[in-house]
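Report on the following structure.
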Amino acid sequence: MKRALFPGSFDPITNGHIEIIQRGLCLFDEIIIGIGLNTAKQPMFSPEQRERWIRDAFKEDARVRVQSYTGLTVRFAREVGARFILRGLRSAPDYEYERNIDLLNKYLDAEIETFYLLSHPETSFVSSTLVREVIRFHGHLEGLLPPHIIRDIYALYPGGKPVGERREAR
Ligand code: ADP
């Protein structure tokens, strides 16, 4: 049984994360999405809300589970019996960032191996940080987040819908 941990903040989970998880399921029998709660940043969404959205996104798939954690990612990976960590790579800065985390994780626990998947072109520009900006300014979220999350967020917008139109290329 190959079990992987997919750690991150998921504030909120995006179509980019979901795409990595779906492709990760070709490599691993089970993926545990770990919501890391130890970042210094103040999150936009509560851990409970983030967990609920993730659970709903994978409610049809028993191979994907979600759990919040604090402390070291490698320690949490051991706790949940995951020998593997899954991460996504969008760009060269992602690579630089991930490389240092990888080296640190190996230093802390050499038995845990991290696997990387390159993001898809359609979602490689999507980050939770940018999505939070769109949410803050009441923009359109189609294509960035799964529909059930968009529905919940639009309900919080004034009038329950995004401001203005989204213009597509002709
Ligand atoms: P962090 O808070 O550590 O940046 P995130 O929650 O943003 O973590 O992301 C968790 C993982 O998902 C990271 O490996 C990140 O590179 C990856 N990821 C985020 N957005 C995308 C995307 N659009 N395509 C592929 N991977 C992504």
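The values are calculated or read from the model by the stated rules, or taken from the named source; none is laboratory data. Quantities reported herein were computed from a predicted structural model and do not represent experimental measurements. Quick reminder, even Gly has a Cβ in these numbers, built from the backbone with ideal geometry, and neighbours come from all protein chains shown.
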Going by what's in this entry, would LEU89 be described as at pLDDT 95 or above and under 22 Å from GLN22 (Cα atoms)?
yes
Tell me which of these GLY139 doesn't satisfy, since it passes every other one: (1) assigned to a strand (DSSP E or B); (2) without any contact (Cβ under 8 Å) to a residue 40 or more places away in the chain.
(1)
If PHE76 satisfies every condition in (1) over 21 Å from the mean Cα position of the chain (by Cα); (2) surrounded by 14 or more Cβ atoms within 10 Å (Cβ to Cβ); (3) touching a residue at least 24 places away in the same chain (Cβ under 8 Å) but one, which is the exception?
(1)
Number of positions in the range 102-145 that are within 14 Å of the ligand (Cβ to nearest atom), surrounded by 12 or more Cβ atoms within 10 Å (Cβ to Cβ), more than 16 Å from the chain's Cα centre (by Cα) and not hydrophobic (A, V, I, L, M, F, W, C)
2
Of all residues in the range 31-59, count the ones that are more than 21 Å from ARG132 (Cα to Cα) and surrounded by 18 or more Cβ atoms within 10 Å (Cβ to Cβ).
3
Being closer than 20 Å to PRO146 by Cα and away from the ligand (no atom under 12 Å from the Cβ) is the filter here; which residues of the range 69-97 pass it?
none
